[in-house]
Amino acid sequence: MSLAFCGTENNSAAYNVDGGVLNNGCFLDALNVVPHVFLLFITFPILFIGWGSQSSKVHIHHSTWLHFPGHNLRWILTFVLLFVLVCEIAEGIVSDGFSQSLHLHLYMPAALAFMAGVTSIVYYHNIETSNFPKLLSALLIYWVLAFTMKTIKFAKYTEHGIGLRQLRYCITGLLVLLYGLLLAVEINVILGRRYMCFADPTEVKPPEDLQDLGVRFLQPFVNLLSKSTYWWMNKFITSAHKRPIDLKVIGKLPIAMRALTNYIKLRKEFEDQKRPQGTAPPGPKWIWQALRKAFGRPLILSIMLRVLADLLGFVGPLCISGIVHHISKDNRTIQQPMKLLGIYFISSKEFLENAYVLAVLLFFALLLQRTFLQASYYAAIETGINLRGAIQTKIYNKIMRMCTSNMSMGELTVAQICNLVAIDTNQLMWFFFLCPNLWAMPIQIIVGVILLYYLLGVSALIGASVIAVLAPVQYFVATKLSHTQKTTLEYSGERLKKTNELLRGVKLLKLYAWENIFRDSVEETRGRELSSLRAFAIYTSISMFMNAAIPIAAVLTTFVVHVHISEDGDLSPAVAFASLSLFHILVTPLFLLSSVVRSTVKALSSSESLPSSSFLSRCLQPLKVVNRKRPARDDWNNFSPRGDQEADGVSQGVDQDTCIKITAGYFTWTDGPATLCNVDIKVPFGKLTMIVGQVGCGKSSLLLAALGEMQRVSGTVMWNRWVSCFTSSLLEIPTPDRDAAGDGTRGPVAYASQKPWLLNATIVENVTFEMPMIKSRYNAVIEACSLQPDIDILPQGDQTEVGERGIILSGGQKQRISVARALYQQTNVVFLDDPFSALDIHLSDHLMQDGILKMLREEKRTVVLVTHKLQYLPHADWIIAMKEGTIQTEGTLKDIQKSEPELFEQWKTLMHRQDQEFQTETVTETMTDLERKNLRRAMYSREAAKTEEDEEEESMESEDDDNLSQVMRQRATIPWRSCGAYLSSAGPLLLSLLLLSQLLKHSLMVAIDYWLARWTSHVISAKADAVSSANCVSACLQDCSFSHAWYLSVFSVLCCLGIVLCLATSVAVEWTGLAAAKELHHGLLNKIILAPMRLFETTPLGSILNRFSTDTNTIDQHIPTTLECLSRSTLLCVSAMAVISYVTPVFLIALLPLAVTCYFIQKYFRVASRDLQQLEDSTQLPLLSHFSETVEGLPTIRALRYEPRFRHRLLQFTDANNIASLFLTAANRWLEVRMEYIGACVVLVAAVASISSSLYNQLSPGLVGLGLTYALMVSNYMNWMVRNLADMEVQLGAVKRINGLLRTEAENYEGLLTVSQVPDGWPRHGEIKIQNLSVRYDASLKPVLKNVNAHVSPGQKVGICGRTGSGKSSFSLAFFRMVDMFEGRIVIDNIDISKLPLQTLRSRLSIILQDPILFSGTIRFNLDPEMKATDEMLWEALEIAQLKSVVKTLPGGLDAIVTEGGENFSQGQRQLFCLARAFVRKSSILIMDEATASIDMATESILQKVVMTAFADRTVVTIAHRVHTILNADLVIVMKRGIILEYDTPQALLASEDSVFASFVRADK
């Protein structure tokens, strides 16, 4: 057939121009080609030149993304224009199908217009990015021409009586409107930017964020196409393959999304609400109103997009119905179209009856629906994240101004605040995420039911009611699920507490051979947790089962009812498959409903808990609006620190020599009676003031009262004006403009609290504390606080992170760092609250002399020192003595000697006693040496482990130079091995059941739908036969009617089987998960408890605990559901592809490119998604710990006036967390949009292929319906498949980490002798022979004892001494085989201990460790966990340990509660309990490993007495901390560097002048 523009019919009226050229339809179309050709010719050269020059230029950063006026409107209009042009092309092709020759003019101009439309927007985008508006004149001319031509065509159509019934007339009218609007947009750009026809064009600068190269989150700035397809993310996601994503890569947040901006927005709404009434309306209603006003607009947009997307979702079923209906029509003849103006016209009804048109429409509807849906998700999530940032900032501001009494009185605990931040704000955020569902779901349900009714009549309503009836059941299951989750959490908490105790006391458990007792205790709690998890699994499987089974039940009910109700039983494929798709759509909102309702309830309760915690309900200080020209930091400095408490003024009346003066002060913590009464004191300027008094007399409270932390009932606190104005040259203190009542008048004060408070940062950061680093000053402070030896031990020196609350440091080290911070700050006033409490006498002296008397005095700083060390009183310039909350006296020491001679005498005797204590203290090993030694031991072994790792890494690098690429390859691969380990731990039976049930279930699903296709196709063919066969006369019509019974019964059986299998699979998945969880935890606990001590010394405790907490939780609760979702979506995808390929084999050709695209998309996405998920988790921890740190350190922060700095840090943490969340959201949308588009392509290919097969190869309509229904489902499942794959990968990390620990070698618990071969009472005598013993901590480390020989007779008391690191403790550990004895042997009572089973050996010896360890439980349990001893034995042990009287007074006696770590007893009492524990065991050998190191003199003398009397007949080996403790021993061993230096009685060694022992004792005098 030949081609011609106007067609080639001989009698063609197409070229007839008798009635004027413009009355010829073909000429009108030809005229319309002109503008498009013009645009293509003009713009192509400019585009090519532009692109060429741009590629040669350095890529300008996105600062050039400057949108012209009407930017979004232009994009929307262009998209609409392109869609209308596609319709015009389709209309032309369809109407051309009726004539013999091809009329190009019907669709060629539209095709050119389409090209021109695409070119116009590409051209516009390039001009916009290069910011050169003058070139837009080409578009102006184009819009004018296009508008004119279309208007002429439209006018001529109207003139010839062509009206709305003809589709082409409507399309032309629409095009006139669109071109007109685009012309208006173009004119608006001229008016806005004045680039032509005006003398002075407008200068416009890009937004400020874009000038900052650090902003990489570009969603708010890119054009509409890039916004909706997340095109700007391409580079970001592909680059994740080359290098991991971290905070540097993701950059900063745009200004509009920063926490500060959103906080200001929220505050403004709170303020506005308060203005009319003057006070804030109470309760959550007020909060909701403020939230709505601050964040409502984007949410409304999200809801609108969601509703649009949901309505477009119904196009799918309608198009399927239309296509199948069109195919199954027997008579495919369509009436001849009208011919006017020499060309054919068709109506829109005829147009929409064409199956191919419907296929294309379906494709576009899917694209649009998916784009709208993802845009709606994104808008809701972004709003939720912004809201979370604002509320967190608001809570933080409130904390900054909170009374310390709220904390100290337990009205608000740190845990509650963390809950507010972590849980309540997240629940409000989740509510915002799910909010669009609340509005869209009802609409979706109503429309769905109406359409079903239209298709199936009453039976549809019955089917829908099945879903509706089961929805409340679903809700009930969901509430049960959350309830069981809560109880599971409680059990998990209990198990973790026990595990934590077990890990902290693991050394003691091993030494006493109590591992199994504690393991069983953890296992018992785990058992309770598992039974709760079992309930959780049952409810989860019911929930999964209902999700899968309800649609089957609904479809079954509907079709059964439909066949029985309707007389002719009209069940065509069109109706059947359209309703099947509708049911699939309907089920989703009804299931989501339960989670949305639950989320709403949680959000409502969270919004109630916010005001009830008095956080948001009380007003904040006015806040200056952020100025976009200046960085946000300045604005923080203009916040008022706090105005909640009444403030203390500055008086001009204070004389120059007085720094602080309190007159008639009454102060209280709560509203009750005053804590401090009638306080009248003055603190002299530039002098050292000491505050002394008994414990609990209010010394610390006095300091806090002066700082304004306590509530002042009456009286005044005056600070000298000169102090207030004092600022050092280094410290910039914001002095806000405040009224005189404000507390901003006092200058900063360096305050070291009694309980040291540290940041989770390095030691340097803790000492300098936001101050510039001055090396000389820093070194002086470190020296004054004797911190250098401690720093030298740490692996990274002073760059070592101290962990949360300084977890890696001892009490004394924390205290000294806290004091060092106060010394380093350049404030004029220093408050030190009992800085010597955790320090020994030498350190106290050194700190007093170098730090306080030398450093602070030289700098003329005012020092207020609270202390119990009365020997320092002579150094004080001024003394304040307190008693029971009042001031007893104040003055210099001489004044007090005269005025209060009794008090002075009392002090004198105490001073004398403390000096004596100083003399008896040993010089060789102070408390801190000991701490250092512990630290060194831990760090040493940890370092050894590190060096091993480094060596491994180095060897890896040498093997493979391209190390990074190898790591990247590993990041890109899925951890199949971990997956295998997880599944295999569930056992072969469950695993095979799981696989079998899943495969069977999905095969049945396909069978059900296939049977439906066959059934409905037979209905149609039977009807056709009935009509065609002549012998079916109306009389015997009954015989010819189609019988549904056989088909219906098979269908029912298949459906019922399907429902049963749904139950089987959901139960199988959950049970597999449970079995795996049980097995993995059991294995892990056993491995850990039997692991050698070395594991605990080299692995941080936190990381082992994490395996038991987060990783176990992931395996318990998250992996099973992810696994179920993953297997379901994968199998659904596979079955859908198989069905489509079976229906139309041609589809396989298109499948290949689509599959390749999918593979690459998921490959890139998984890596980026995993990195972003980890980043989101890792940025949340610092945020939460910043909150808890701030709460604990409030007085210190406020004393230093550092609130602005801490607020600024909060903003950084919040923004870091929020940007990670936003990028993760954008990455998820990036994936989903791409997968949905691929899904739409699948639908298009499947539709076109099946329509063609049906028209030309007689494919049955039922199969066409089946293929299309499955194609529609594909895009959803592909999405879920990739998302679940990414989640699964992250979650399998937990299995991988646990497997790593499972590979730990256990200690060798077996011995050459069996338990029965060991004599019952062994060791009876306690004789010890050590022969040529060499010991090391690990095969890779050097020996710590070398060739040691010794002999201890039964009942001897042996003392071992030596400097730190001489091998004393290793000596004691060797008796218990806790270290590697690689040479020599220890023989106790003629048995070589290396031959004994480990459990037996350790259970027959006793040891008292240097750190007293008590477990939570009863006193009875702590003394005798094995429950072997009688009450009399326990009381006897307590009496020996001098604890009987203490325990007698406790409620419950032996069954009195011991809190975690024995916190309810003092350090000395704990050590005595350990002694009693050793006595209960009654073994003939006792080892005391520096047991008196951490206790006072009084307790030590008790211990010594007990050892001499109660243990008189036993062998005692004492490792000495104070040398005088072993002067009464029978034998002394002096060690040095792992060898025995001296070995004799103490008398003999003292007699020898040059013995090392003698020198030790001399030093001790």
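The values are calculated or read from the model by the stated rules, or taken from the named source; none is laboratory data. These numbers come from a predicted model, not from an experiment. Cβ atoms come from the backbone with ideal geometry, glycine included; neighbour counts cover every protein chain shown. With ligands, DNA and RNA removed, areas are computed over all heavy atoms of the protein, side chains included. Shrake-Rupley method; radii C 1.70, N 1.55, O 1.52, S 1.80 Å.
Matching residues to (1) among the hydrophobic types (A, V, I, L, M, F, W, C); (2) at pLDDT below 90:
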| site | (1), (2) |
| --- | --- |
| L368 | yes, no |
| I381 | yes, no |
| I395 | yes, yes |
| G410 | no, yes |
| V421 | yes, yes |
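Within the range 230-265, which residues are among the basic types (K, R) and either farther than 30 Å from I395 by Cα or surrounded by 15 or more Cβ atoms within 10 Å (Cβ to Cβ) (or both)?
Across the range 230-265, the qualifying residues are K235, K242, R243, K252, R258, K265.
G1193 - would you say it is touching a residue at least 12 places away in the same chain (Cβ under 8 Å) and either surrounded by fewer than 24 Cβ atoms within 10 Å (Cβ to Cβ) or at positive phi (or both)?
Judged against the criteria, G1193 is a match.
Of the residues that make up the range 282-289, is at least one open to solvent by 30 Å² or more (accessible area, probe 1.4 Å), modelled with pLDDT of 90 or more and in a loop (DSSP other than H, G, I, E, B)?
Among the residues of the range 282-289, not one is open to solvent by 30 Å² or more (accessible area, probe 1.4 Å), modelled with pLDDT of 90 or more and in a loop (DSSP other than H, G, I, E, B), which makes the answer no.
Going residue by residue through the range 850-861, is there one that turns out to be in contact (Cβ under 8 Å) with a residue 40 or more places away in the chain and touching a Gly at 6+ places or on another chain (Cβ under 8 Å)?
yes
Are there any pairs with C-beta distances below 8 angstrom linking a residue in the range 419-436 that is in contact (Cβ under 8 Å) with a residue 12 or more places away in the chain to a residue that is outside any helix (DSSP H, G or I) and open to solvent by less than 10 Å² (accessible area, probe 1.4 Å), with the two at least 6 apart or on different chains, and if so which?
L420/F615
Among the listed residues F1223, F1213, identify the single one that is buried (at least 23 other Cβ atoms within 10 Å of the Cβ), within 20 Å of M257 (Cα to Cα) and either within 29 Å of the chain's Cα centre (by Cα) or not β-branched (V, I, T) (or both).
Answer to the selection: F1223.
Quick one: in the range 117-135, which of the residues that are at pLDDT 85 or above and open to solvent by less than 10 Å² (accessible area, probe 1.4 Å) is farthest from A184 (Cα to Cα)?
Y123
Only one of (1) touching a Ser or Thr at 6+ places or on another chain (Cβ under 8 Å); (2) within 17 Å of I1485 (Cβ to Cβ) is not met by G1452, so which one is it?
(2)
Restricting attention to the range 1387-1417, and to residues there that are over 19 Å from L503 (Cα atoms) and part of a strand (DSSP E or B), which single residue is nearest to the chain's Cα centre (by Cα)?
So the residue we want is S1406.
Mind checking which residues of the range 1399-1413 are open to solvent by less than 10 Å² (accessible area, probe 1.4 Å) and in contact with a strand residue (DSSP E or B) (Cβ under 9 Å, 6 or more places away or on another chain)?
Matches in the range 1399-1413: L1401, L1405, S1406, I1407, I1408.
Going residue by residue through the range 182-190, is there one that turns out to be open to solvent by less than 20 Å² (accessible area, probe 1.4 Å), modelled with pLDDT of 90 or more, aliphatic (A, V, I, L, M) and in contact with a Ser or Thr (Cβ under 7 Å, 6 or more places away or on another chain)?
no
Consider only pairs whose beta carbons are under 7 Å apart and that are at least six residues apart or on different chains; among these, list those whose first residue lies in the range 573-589 and is closer than 13 Å to V1264 by Cβ and whose second residue is among the hydroxyl-bearing types (S, T, Y) and assigned to a helix (DSSP H, G or I).
Qualifying pairs under 7 Å: P573/S328; P573/T1016; P573/S1017; A574/S321; A574/S328; A576/T1016; F577/T1269; A578/S321.
Within the range 1096-1117, can one find any residue that is open to solvent by 20 Å² or more (accessible area, probe 1.4 Å), among the basic types (K, R), in contact with a Lys or Arg (Cβ under 7 Å, 6 or more places away or on another chain) and in contact (Cβ under 8 Å) with a residue 12 or more places away in the chain?
Yes, the range 1096-1117 has at least one match.
In the range 1184-1197, what residues are in contact with a Leu (Cβ under 7 Å, 6 or more places away or on another chain) and under 17 Å from R821 (Cα atoms)? Let's see the steps before the verdict.
Of all residues in the range 1184-1197, those in contact with a Leu (Cβ under 7 Å, 6 or more places away or on another chain) come to 1186, 1189, 1195.
E1189, P1195 - these are the residues of the range 1184-1197 that are in contact with a Leu (Cβ under 7 Å, 6 or more places away or on another chain) and under 17 Å from R821 (Cα atoms).
Being farther than 30 Å from E203 by Cβ, in contact with a strand residue (DSSP E or B) (Cβ under 8 Å, 6 or more places away or on another chain) and open to solvent by less than 60 Å² (accessible area, probe 1.4 Å) narrows it down to one residue among L112, L85, L104, L81; which is it?
It is L104.
Which of the residues spanning the range 1313-1354 are part of a helix (DSSP H, G or I) and in contact with a Ser or Thr (Cβ under 6 Å, 6 or more places away or on another chain)?
Narrowing the range 1313-1354 to residues part of a helix (DSSP H, G or I): 1315-1317.
Scanning the range 1313-1354 gives a single hit, V1315.
Report whether or not E709 is acidic (D, E) and modelled with pLDDT of 85 or more.
Judged against the criteria, E709 is not a match.
Step by step: first the residues of the range 1160-1182, then only those that are hydrophobic (A, V, I, L, M, F, W, C) and open to solvent by less than 10 Å² (accessible area, probe 1.4 Å), then the one that is nearest to L1292 (Cα to Cα). Which residue is that?
Looking at residues that are hydrophobic (A, V, I, L, M, F, W, C) and open to solvent by less than 10 Å² (accessible area, probe 1.4 Å), I get V1167.
If only one of I1533, I1526, I1502, I1519 is of a type in the set (A, V, I, L, M), within 17 Å of G1367 (Cα to Cα) and modelled with pLDDT under 85, which one is it?
Every option except I1519 fails the conditions.
Tally time: how many residues in the range 93-126 are free of Cβ contacts under 8 Å to residues at least 60 places away in the same chain and either over 46 Å from the mean Cα position of the chain (by Cα) or part of a loop (DSSP other than H, G, I, E, B) (or both)?
Summing the residues that are free of Cβ contacts under 8 Å to residues at least 60 places away in the same chain and either over 46 Å from the mean Cα position of the chain (by Cα) or part of a loop (DSSP other than H, G, I, E, B) (or both) in the range 93-126 gives 6.
Tell me which of these G1367 doesn't satisfy, since it passes every other one: (1) under 30 Å from A1558 (Cβ atoms); (2) open to solvent by 20 Å² or more (accessible area, probe 1.4 Å).
Among (1) under 30 Å from A1558 (Cβ atoms); (2) open to solvent by 20 Å² or more (accessible area, probe 1.4 Å), the lone unmet condition for G1367 is (2).
Looking at E490, is it surrounded by 14 or more Cβ atoms within 10 Å (Cβ to Cβ) and among the acidic types (D, E)? Quick ask: steps written out before the conclusion?
On the way: surrounded by 14 or more Cβ atoms within 10 Å (Cβ to Cβ): no; among the acidic types (D, E): yes.
The answer is no for E490.
Residues are listed down the side, and each one gets a yes or a no for (1) touching an Asp or Glu at 6+ places or on another chain (Cβ under 9 Å); (2) assigned to a loop (DSSP other than H, G, I, E, B):
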| site | (1), (2) |
| --- | --- |
| V1507 | no, no |
| F1511 | no, yes |
| H1524 | yes, no |
| V1532 | yes, no |
| E1542 | no, no |
| D1554 | no, yes |
| V1561 | no, no |
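Looking only at the range 1446-1471, which residues are among the small types (G, A, S), free of Cβ contacts under 8 Å to residues at least 40 places away in the same chain and under 20 Å from P1412 (Cα atoms)? It would help to see each step written out before you state the result.
Applying the first criterion (among the small types (G, A, S)) to the range 1446-1471 yields 1452-1453, 1456, 1461-1462, 1466, 1468.
Keeping just the survivors that are free of Cβ contacts under 8 Å to residues at least 40 places away in the same chain gives 1452-1453, 1456, 1466, 1468.
The answer is A1456, S1466, G1468.
Answer yes or no: is there a residue in the range 211-229 that is over 30 Å from A111 (Cβ atoms), open to solvent by 30 Å² or more (accessible area, probe 1.4 Å) and without any contact (Cβ under 8 Å) to a residue 40 or more places away in the chain. Before the answer, list the steps.
Step one: filter the range 211-229 for residues over 30 Å from A111 (Cβ atoms), giving 211-221.
Pick out the ones that are also open to solvent by 30 Å² or more (accessible area, probe 1.4 Å) and you get 211-213, 216, 220.
Checking the rest, the ones that are also without any contact (Cβ under 8 Å) to a residue 40 or more places away in the chain come to 216, 220.
The answer is yes, given that some residue of the range 211-229 is over 30 Å from A111 (Cβ atoms), open to solvent by 30 Å² or more (accessible area, probe 1.4 Å) and without any contact (Cβ under 8 Å) to a residue 40 or more places away in the chain.
Condition first: out of contact with any helix residue (DSSP H, G or I) (no Cβ under 7 Å at 6 or more places or on another chain) and open to solvent by less than 10 Å² (accessible area, probe 1.4 Å). Now tell me which residues in the range 1331-1351 satisfy that.
S1334, V1348, listed by residue number.
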